[in-house]
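What follows is one structure encoded as structure tokens, with my remarks underneath.
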4 protein chains.
Amino acid sequence: MSIRAAVMTAPRAPIVVWNLAEPPLEPGGMLLETVASEVCGTDVHLYHGRLEGVPYPIVPGHVSVGRVGETNGVEHDALGAPLSPGDEVTFYDVHEVCNVCYHCTVAQQPNRCPSRKVYGITYSAHDGPLGGWAERIYLKPGVRIVRLPEGLPADQVIGGGCGLFTGFAAVERADPAMGDVVVVQGAGPVGLAAAAFAALRGAAVVAVIGAPQPRLDLALQLGADVALPLDLEVAARRDAVRELTGGRGADVVIEASGNPAAIPEALELLRDGGTYVVAGHYTDTGTAEINPHLHVNRRHADVRGQWGTDFRHIVRALRLLAKHRERLRFDRVIGGKYALTDAQRALDDVAALRVTKAVIDPRLG
Amino acid sequence: MSIRAAVMTAPRAPIVVWNLAEPPLEPGGMLLETVASEVCGTDVHLYHGRLEGVPYPIVPGHVSVGRVGETNGVEHDALGAPLSPGDEVTFYDVHEVCNVCYHCTVAQQPNRCPSRKVYGITYSAHDGPLGGWAERIYLKPGVRIVRLPEGLPADQVIGGGCGLFTGFAAVERADPAMGDVVVVQGAGPVGLAAAAFAALRGAAVVAVIGAPQPRLDLALQLGADVALPLDLEVAARRDAVRELTGGRGADVVIEASGNPAAIPEALELLRDGGTYVVAGHYTDTGTAEINPHLHVNRRHADVRGQWGTDFRHIVRALRLLAKHRERLRFDRVIGGKYALTDAQRALDDVAALRVTKAVIDPRLG
Amino acid sequence: MSIRAAVMTAPRAPIVVWNLAEPPLEPGGMLLETVASEVCGTDVHLYHGRLEGVPYPIVPGHVSVGRVGETNGVEHDALGAPLSPGDEVTFYDVHEVCNVCYHCTVAQQPNRCPSRKVYGITYSAHDGPLGGWAERIYLKPGVRIVRLPEGLPADQVIGGGCGLFTGFAAVERADPAMGDVVVVQGAGPVGLAAAAFAALRGAAVVAVIGAPQPRLDLALQLGADVALPLDLEVAARRDAVRELTGGRGADVVIEASGNPAAIPEALELLRDGGTYVVAGHYTDTGTAEINPHLHVNRRHADVRGQWGTDFRHIVRALRLLAKHRERLRFDRVIGGKYALTDAQRALDDVAALRVTKAVIDPRLG
Amino acid sequence: MSIRAAVMTAPRAPIVVWNLAEPPLEPGGMLLETVASEVCGTDVHLYHGRLEGVPYPIVPGHVSVGRVGETNGVEHDALGAPLSPGDEVTFYDVHEVCNVCYHCTVAQQPNRCPSRKVYGITYSAHDGPLGGWAERIYLKPGVRIVRLPEGLPADQVIGGGCGLFTGFAAVERADPAMGDVVVVQGAGPVGLAAAAFAALRGAAVVAVIGAPQPRLDLALQLGADVALPLDLEVAARRDAVRELTGGRGADVVIEASGNPAAIPEALELLRDGGTYVVAGHYTDTGTAEINPHLHVNRRHADVRGQWGTDFRHIVRALRLLAKHRERLRFDRVIGGKYALTDAQRALDDVAALRVTKAVIDPRLG
């Protein structure tokens, strides 16, 4: 029985639906019946050919939710929870890190492991349905699966998507103290999640700089205290942050904008001794000019890049999502659900910022 | 009895010798008979009027060694060691942080305390001999004094000077792991100290990029393993660091150059997940261009500014200096000793890089 | 004009009301019109003579709220907020740490500074109204004052009392990760606060072991998810924690019970690699038996003592208290308000556990 | 061709030499020609049946050095260094952690992974030569191999043995600051390594408590500054540590004795706010009595268990061993080399403390 999948055959080539052969189930492998797979900014970068070493044609879709289908001996998720057919699960898109090399073991940077694979990005469509824009996804042995916590709707996970986990990771890396003032630059999926988790982490004030207004409104619902629209001038934004902080500047700033201009602005917003996490630059959008004396040395600043996520971020974020599911309505980020045959339109809508998050639901067609 | 002092009356005005009135000894105050006071890069910045809010005329000299003279009830140093007349001591130039304000208590950044004073920089000569270029220095109550460890010659301390403590602080902030490869940018006083302490901290390899050759030779004597002269091209330096690190880049880079071009270079030298400490930009020497995607986000980098030092750095650095005094021959950094009447020449020699470290010894005249 | 104060003249001697002379206002000094001062477990220890070096007679009361009265030039609180007569403030009971000695500067343990003083504990009543059980409290120069955040009722602060800040400090020291399972041992003031702040810090589950039931109910209102009554047997408590954690044990346990038996129990509740903070042992209640192999080494455990608080804990806790004041109803911990003349009864009620928190309000008489 | 191996068939049964079948070489597998394998305290515990779940008969020997023999496609070590036949290597005894489960990913405690295997301990002799007391050791695919650094003799590695890496890990976990005073309890292999690495980490003073005198002498050669023999009474040891620390106590204590009495002693030796690492309790030797108030809470102590090592410890320790090989003469710890046929005698000599470290060299017979 073949599996329908939306395939990106080459940069800027129209997305087409292919019928992929059903892969043999290796011991420890599983077929997942796709419920929802996200279309995120990285998919737009893939479409524009901005990532290196991508083995087109590919089946995009790195964060997905599905139902447990046929398995070859998989009885538990990564954390030991029992799995039954039909259970809703998500999985960590990163796969096959070796746990042997320097990056995995000594530097403890598994995201730099040379054998690392990522569902929806580094597998060819010729290798099977190894991305979420497909009726069924083949989870190879060793893929780290998590059963969704009881009572947590799939849409609340997929509406956050990979931005949910990246935003979580950015907050973990920023390590704000209880009672800190945190500024988030950007109100896309990463920024919204960063704002939500900064609030849950015990910030006294979370301010989000972003646009358009509906995204800022959503940020406020998700836990932000203050919204600073982008049409405020940079100086007015700075004044607003000074006002919030007794003139001292933010304890923590989290970049989730992908805009190089955010960098020097943040270094002005930061208090002396503050922490800045750069989490939104997943592709090269140009350079930024900083003043080493004023911005870094004299400011005693901590500037930390956050590249990707680890599996623990997924697990921990899902726990909080389940606990606070009445507030963390990431399903509201979803701007539309699209059939496989509409994947191109979904991608275009995300690229044009017509929707914050598009979701592919292969059951729609 | 008056006190002779070399005074900087205004930016770029010739240094002159004044006779200052002997200050009254408050309870807890002490007069220190100056043995040696350093002339450092900051003094050159002061002379060029590059620091803000300096109350000229001033008596420069922020790091000094002296002998305990007349005191009003001071019987111990800050750590409880007994003090007797004639004992050699140094002291922490930073004074009068309030330990009450937000910076002191909540942000734990006492170097940003509004009431902070610094010997040799923020006191007016009209307030007394509150800098080291003077026969005697008045140590106000609460100045944090440390008796030099037994057997540690004053020249080994003053030859390191404030760079010794800044280099120590930079290594503390970089927090290299045992077995790391550390690259230091710069072979001036801060760079030499950073190299020496990185080696003592357990680095497997310490490489110093700098010039001229005698400074690099000194770096090797102080503990560095590899010297990379500045006349190597940037690409060759990068290749050398890749070679040292199995192609992965340095675990830690410490900037001690004051040159903005060092910033992007370091971010190329760093391994993924590495740490970069910017410790050499004590004055504004212009901007640097960085790529947020390549240099920070994707690199998962940690970039940390190090502004000034805390008293603990002084105490800890002196302990190691005493323990390793056979190797840590910072006295060799001293390029000349100058009378008060020669302070201008000392300053000129430092500004022109004719000497790495000049020392004022008021006993010479 | 004299100041009425309740005085503990000696261990186990009846509390009596004295008229103290109004102290002269030094520059930077302030008289605070007392609104409320707590009676806490430490006061019971004082009454039983269990603390060393206490200069009886004393005016107890180390955490208090008052209104700004007569001042000698105090215009701002420690954070720079303007102060006007009648403003409600609290203050950090610890005073006169030297910021010079080894403990203050090198070890960064100011609570061990030899010159440290504590309101309500280390000052003699002969030195003036230097404790909260008095109509007015003399705040000496340098006392760190914080204006209560707008809209935060005094009772919500004093109902938490010093336990509020100790519980906050315990959570800071435990440093739970987002999504962790946290167990708190004890449901007194420290335990209630620890539970509340652990929830605000992003724990997925907070379980409190304690008694009696009303305290556990309060814990649940303040943010705990699970209450484990003390009449459950130790084995049943352990089973409950295993159940909550997939059999692995708690990520974090916080001791707030003062009972040595809590120590080995916690080390059984902890997951491998978990963290245990001992925050409730403010006096010697005997020894505990641990197994170094099973409990520490093989468990890869982190056991951390938390002694006292720092000023930053006060500031940060108040910010969160203000933000979450609808949930953090610590006023409900208050079991009664007592006149100065009833201070003995207040103390007896706390000692007998008839009330969780007693409050002295000198305006009652 | 069969492989001779010394086999522990059951607790307290005499060690015998078996001929094991040569295992088939899986892809990624390698046969190592054994040069040296250690006999350590854990082997004595194995012999006494003190570890749970050991699948006797076993081939003991968890840390070994060998020469690259026949391989099935292994061309590089774990860090990418090329391997040729005859190259000397060591390998990480821990194997087959899953990198999927809660312990591996969320808690980041891979030593608790349920699928973890350890050479020389958890493999049956029926499964092949999976321990070091054998002519050849079969390294299964995924075993983490490190080529010995150029110029580092095998004896300097094996003389340290697993204690070398445990001592390194203990220092990493203690995280002493530069200039700290570090006390090590125990002068066996773990204690000697802890002392050596604490010195390399930048301690100002390293004091070792232990016996007999030759071990203390070795500690001094390896980097310790002070030796405190066990025949000093506990009070005299405490006085000595107070003397070294201006009366304040040690910044860091590392337990490497396996004696429960070390625990309360260490908590008395520690300064307020100091750190204690318990690294020597690899088996249950009974309980210790501590005072939660005096030893933990009031002391603001950090007590950290160190269970096992990670691969990074091996890599980093070897780098430092190579760099400092003139000082780190762990070969001097070797008390004797034994043929396979003498394995029983080797074990007896270690158990009786007749030698600090025994080494099996199968080339001797």
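Looking across the stretch B:4-34, the residues that are part of a strand (DSSP E or B) and closer than 19 Å to residue B:90 by Cα come down to B:5, B:30, B:31, B:32, B:33, B:34. There is at least one residue in the stretch C:115-127 that is under 19 Å from residue C:282 (Cβ atoms) and either over 20 Å from the mean Cα position of the chain (by Cα) or hydrophobic (A, V, I, L, M, F, W, C) (or both).
Of all residues in the stretch C:292-315, those that are farther than 19 Å from residue C:250 by Cα have Cβ atoms under 7 Å from Cβ atoms of residues that are aromatic (Phe, Trp, Tyr), 6 or more apart or on another chain, in C:309/C:165; C:311/C:92; C:313/C:165; C:313/C:168; C:314/C:92; C:314/C:165. Condition test on residue C:140, is it touching a His at 6+ places or on another chain (Cβ under 8 Å), modelled with pLDDT of 95 or more, farther than 27 Å from residue C:305 by Cα and outside the structural domain of residue C:215 (by TED's automatic domain parsing)? Here the answer is yes, as residue C:140 does meet what is asked. Per the listing C:73, C:120, the residue uniquely at pLDDT 95 or above and either within 14 Å of chain D (Cβ to nearest Cβ) or open to solvent by 40 Å² or more (accessible area, probe 1.4 Å) (or both) is C:73. Restricting to the stretch C:69-108, count the residues that are aliphatic (A, V, I, L, M) and closer than 23 Å to residue D:181 by Cα. Total satisfying the criteria: 3.
Does residue B:78 satisfy the condition of being surrounded by 15 or more Cβ atoms within 10 Å (Cβ to Cβ) and more than 20 Å from residue A:300 (Cα to Cα)?
Values: surrounded by 15 or more Cβ atoms within 10 Å (Cβ to Cβ): yes; more than 20 Å from residue A:300 (Cα to Cα): yes.
Yes; evaluated as a whole, the condition is true for this residue.
Based on this model, can you work out whether residue C:70 counts as in a strand (DSSP E or B) and touching a Cys at 6+ places or on another chain (Cβ under 7 Å)? No; evaluated as a whole, the condition is false for this residue. Elements of the type strands (runs of 3 or more DSSP E) sitting completely within the stretch D:298-365 and holding at least 1 residues that are in contact with a Pro (Cβ under 9 Å, 6 or more places away or on another chain): these cover D:302-305, D:357-360. Restricting attention to the stretch B:324-342, does a residue exist that is within 14 Å of chain D (Cβ to nearest Cβ) and of a type in the set (Phe, Trp, Tyr)? No, the conditions are met nowhere in the stretch B:324-342. Return yes or no: is residue A:151 of a type in the set (Gly, Ala, Ser) and open to solvent by 10 Å² or more (accessible area, probe 1.4 Å)? Judged against the criteria, residue A:151 is a match.
Taking the conditions (1) touching a residue at least 12 places away in the same chain (Cβ under 8 Å); (2) at the interface with another protein chain (Cβ under 7 Å from one of its Cβ atoms); (3) under 23 Å from residue A:254 (Cα atoms) in turn, residue B:283 satisfies each one other than (3). Entry remark, the stretch A:78-90: residues being in contact with a strand residue (DSSP E or B) (Cβ under 9 Å, 6 or more places away or on another chain) and within 11 Å of chain D (Cβ to nearest Cβ) number 3 in total.
Checking the stretch D:95-117 against the condition returns no match, with no residue being hydroxyl-bearing (Ser, Thr, Tyr), away from chain C (no Cβ under 14 Å) and in contact (Cβ under 8 Å) with a residue 24 or more places away in the chain. Can you tell me which residue in the stretch D:264-282 is nearest to residue C:258 (Cα to Cα), limited to those that are touching a helix residue (DSSP H, G or I) at 6+ places or on another chain (Cβ under 6 Å), open to solvent by less than 10 Å² (accessible area, probe 1.4 Å) and not small (Gly, Ala, Ser)? Ranking the candidates gives D:267 first. Checked against (1) buried (at least 23 other Cβ atoms within 10 Å of the Cβ); (2) over 17 Å from the mean Cα position of the chain (by Cα), residue C:92 passes all but condition (2). Of the numbered criteria (1) surrounded by fewer than 20 Cβ atoms within 10 Å (Cβ to Cβ); (2) out of contact with any Asp or Glu (no Cβ under 7 Å at 6 or more places or on another chain), the one residue C:58 fails is (1).
Inside the stretch C:245-261, residues that are open to solvent by 10 Å² or more (accessible area, probe 1.4 Å), within 8 Å of chain D (Cβ to nearest Cβ) and over 13 Å from residue C:181 (Cα atoms) make up a count of 1.
Could you please find all residues in the stretch A:317-365 being basic (Lys, Arg) and open to solvent by 10 Å² or more (accessible area, probe 1.4 Å)? A:319, A:323, A:325, A:327, A:329, A:332, A:337, A:345, A:354, A:363 - these are the residues of the stretch A:317-365 that are basic (Lys, Arg) and open to solvent by 10 Å² or more (accessible area, probe 1.4 Å). Out of B:194, B:134, B:204, B:174, one residue alone is in contact with a strand residue (DSSP E or B) (Cβ under 8 Å, 6 or more places away or on another chain), open to solvent by 10 Å² or more (accessible area, probe 1.4 Å) and on the phi < 0 side of the Ramachandran plot. It is B:204. Within the stretch D:198-219, the only residue that satisfies the criterion of being aliphatic (A, V, I, L, M), in a loop (DSSP other than H, G, I, E, B) and within 20 Å of the chain's Cα centre (by Cα) is D:211.
The values are calculated or read from the model by the stated rules, or taken from the named source; none is laboratory data. The structure presented is a predicted model; accordingly, all values stated were derived computationally and were not measured. As a convention, Cβ positions derive from the backbone with ideal geometry for all residues, glycine included, and neighbour counts pool all protein chains shown. Quick note on the areas: whole protein, heavy atoms, side chains included, nothing else; ligands and nucleic acids left out. Shrake-Rupley method; radii C 1.70, N 1.55, O 1.52, S 1.80 Å.
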